[in-house]
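Please read the structure below before turning to the comments.
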Amino acid sequence: PARMGLPALALLLVAGFLHTQASPPARSFQLDYEEDCFRKDGAPFRYISGSIHYARVPRPAWRDRLLKMYMSGLSAVQVYVPWNYHEPLPGVYDFAGDRDVEAFLDLTAELGLLVILRPGPYICAEWEMGGLPAWLLWKPDIVLRSSDPAYLAAVDSWLHVLLPKIKPRLYQHGGNIISMQVENEYGSYYACDYGYLRHLLGSFRALLGSEVLLFTTDGTRAEELRCGTLQGLYATVDFGPGSNVTEAFGAQRRVEPKGPLVNSEYYTGWLDYWGEAHASTSSARVAQGLENMLRLGASINMQVVSWYMFHGGTNFAYWSGADFKDQYKPVTTSYDYDAPLSEAGDPTEKLFAIRTVISKFQPLPVGPMPPATPKYPYGWVALRKVSACPEGCAAPAWHCPAALCPSLSLQYADLLDVLDVLCPSGPIQSQFPLTFEAIKQAHGFVVYRTQLPRDVLDPTTLDAPPHSICDRGYVMLQQDYQGTLERDGQTTLHVTGRAGDTLDVLLENMGRISFGANISDFKGLLGNLSLDSSPLSNWLIYPLAIDTAIQQGWPHTALPKSNSRGRAGPAFYTGTFETPGIAWDTFVKFPGWSKGQLWINGFNLGRYWPCRGPQQTLFVPGSVLHVGRPNNITVLELEGAPPAPFLLFLDRPLFNRTLSRSPAATE
């Protein structure tokens, strides 16, 4: 090449220098072990964050909830990614609609919030199976959260789909994700498999690069921190307002002698289990605990439960998980968690107490807190044909197109009468019962059918082996409801009948265990039923696709007449109602109902169980409702509806049979 002249070379050098001076400094988010702090773009940085789960909030409400978090003074949000929400079957991925995690992350950036992402692969979160897909259990001997090759192969396939979506949104690449958690509270799991953690670390680095800050979160016990931490992953801790702050951070210092103090999960409330009192934590206690930590200069993530939340949301459909503490404890549909933002996204007294504490340490955003979303008590809607109002009816006039009662078309059908609709592929034949996993049914319900092998004229014991009903079994003989068998509860009934009589057991999955050693939580009939100690055999097994049928318009388009002779036992009830020109959030109450599932306009709103409590109402987002055309209601009642079944729509939730907290006045 020709020799470059000195003047030309000088011009190039000057141009390069000017370009360097004009370029913005490289974006970075790093640990500073000398000053015990984070550094964002080279400057010391402390974040205050709160958890929100996009999977528990309808997409139309994302902006409202995130804006309220921003106006509370939070600089970041913590976000879990539930693997099973996005990969319902091996190699089948869903990132559309409410599952569009990229759109959610882009919205956080638009609103000026940083993100601490927790992609698992295990997340706990009181979410079904801790976020792990149920199809992993198609291999019955798989060892979850370990170096089991089958498990690692599934994890690797998932991470190769998810993490490339995340990489462009890392802070170093111009995005707003400042750090990412690897696994979740692994020190609480029995496996203590460092090879598994090293594999995850290698995968995250290979797919995301070397610059992103990766961390772990564990409790403060020595054993938890021993098994949950790994060199190359910054170790953080979690604890709530009842803990001694100095001692808790002392536990972190034993594994991370230098670096910022981080509480990755500050519990601002607690979760609810079916059958227990509604949990709550005082605003003053939470606010004081936060102030104590901020005075220590700690980085705090405010959450509600042993693992969360700033805004909890709702376990729609079948997504609620369960704990196992001496017995199986399923989590309620509501994920309110006594959080600063209520289940419906309303600011509470607790939020303003927290906001006041934050204002002592940093400026708050300018402007008012967005108000509570409007609610409407749509009134009662009967799920039966009526020609006149029942005595004492107070239905609003706008409910009634003709008389004074809601406009509805009642239809009613025994579940057993519509198996051809709910299981169009027909039953599976098996000598003995098969689990949900063996027939590749992830959620919901399965019918197990056999026949009595002989006459049983005197009451005879129908018995299930211990821990074999997972989780509730509704027993019918000749379509007559006999009673319910329950995991860690009643496992025997007394029946009479004739040889050849049909015995049906509808098995309900109440949610797989999401924490601890028992997350390989198989569902269905795990053992054979016995009649007077003789095992029953020759089963027909019907995996029910109820949601598919309802989303296709059933039963409102074609519900056959029922042969039912009574209201007890599993049955569908339908009705319709119209809104008065608005589609606002509401809460539905179930007076006299027992237990079941509710759909409105095909959207599965989750489980109701008012007789067990504490939750008495289900949250209905306004985005689910129609304006100007009927709203279709479908109820699957599992044990027995009231004689005159109706639903009552309210403007606030009920827990423990009393009105729950009202939203605080906005400031």
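The values are calculated or read from the model by the stated rules, or taken from the named source; none is laboratory data. Just so it is clear, the structure is predicted and the values come from calculations on it, not from any experiment. Cβ: placed from backbone, ideal geometry, glycine included. Neighbour counts: every protein chain shown. With ligands, DNA and RNA removed, areas are computed over all heavy atoms of the protein, side chains included. Shrake-Rupley method; radii C 1.70, N 1.55, O 1.52, S 1.80 Å.
Observations on the structure shown:
- Listed pairs 139/440; 40/68; 325/350; 350/589; 68/589; 139/523 exceeding 20 Å between Cα atoms: 40/68; 325/350; 350/589; 68/589
- Residues with amide H under 5 Å from that of residue 271, placed H, sequence gap 5 or more: 306
- Each semi-axis of the equivalent ellipsoid for the stretch 425-544 is √(5λ) with λ an eigenvalue of the Cα gyration tensor; in descending order they amount to 24, 16, 11 Å.
- Based on the reciprocal of the average 1/r between different C-alpha atoms, the Kirkwood radius for the stretch 194-340 equals 16.8 Å.
- Solvent-accessible heavy-atom area per residue, rounded to whole Å², over the chain at 1.4 Å: 38 Å²
- Radius of gyration and Dmax over the Cα atoms of the stretch 29-360, both given in Å: 18.4, 54
- The value for the stretch 11-167 of Rg(Cα) / (2.2 N^0.38 Å) is 1.33.
- Here the accessible area of the stretch 223-372 is 50 percent carbon and sulfur, with a 1.4 angstrom probe and all protein chains present.
- Modelled label reach - residue 26, point 7 Å along Cα→Cβ, the stretch 178-214 residues with backbone N closer than 20 Å: 178-180, 205-214
- Cross-link partners for residue 360 among the aspartates and glutamates, with Cα-Cα distance under 18 Å and sequence neighbours closer than 8 places in the same chain left out: 291, 349, 667.
- Amide H contacts under 5 Å for residue 213, placed H, 5+ residues apart: 180
- Projected over every direction and averaged, the convex hull enclosing the alpha-carbon atoms of the stretch 103-237 yields 8.4 nm².
- Share, in percent, of DSSP beta bridges within the chain that are antiparallel, nearest 5: 75 percent
- Zero-based 5 Å bins, Cα pair distances in the stretch 500-657, whole percents: 2, 7, 14, 17, 18, 16, 12, 7, 4, 2, 1, 0, 0
- In the chain, the DSSP-assigned H stretches of four residues or longer account for a calculated mean residue ellipticity at 222 nm of -5500 deg cm²/dmol, using -39500 (n - 2.57) per stretch and the full residue count as denominator.
- Under the Karplus curve 6.51 cos²θ - 1.76 cosθ + 1.60, θ = phi - 60°, whole-Hz ³J(HN,Hα) for the stretch 491-504, x wherever Gly or Pro sits: 10, 9, 9, 10, 10, 10, x, 10, 4, x, 4, 7, 10, 10
- Counting only Cα atoms, the size of the chain along its three principal axes is 105, 61, 58 Å, in decreasing order.
- Computed over the stretch 164-260, the alpha-carbon pair-distance distribution with 10 angstrom bins reads 15, 43, 31, 11, 0, each value a whole percent.
- Kirkwood-type radius of the stretch 186-239, with distances r between different C-alpha atoms, in Å: 11.5 Å
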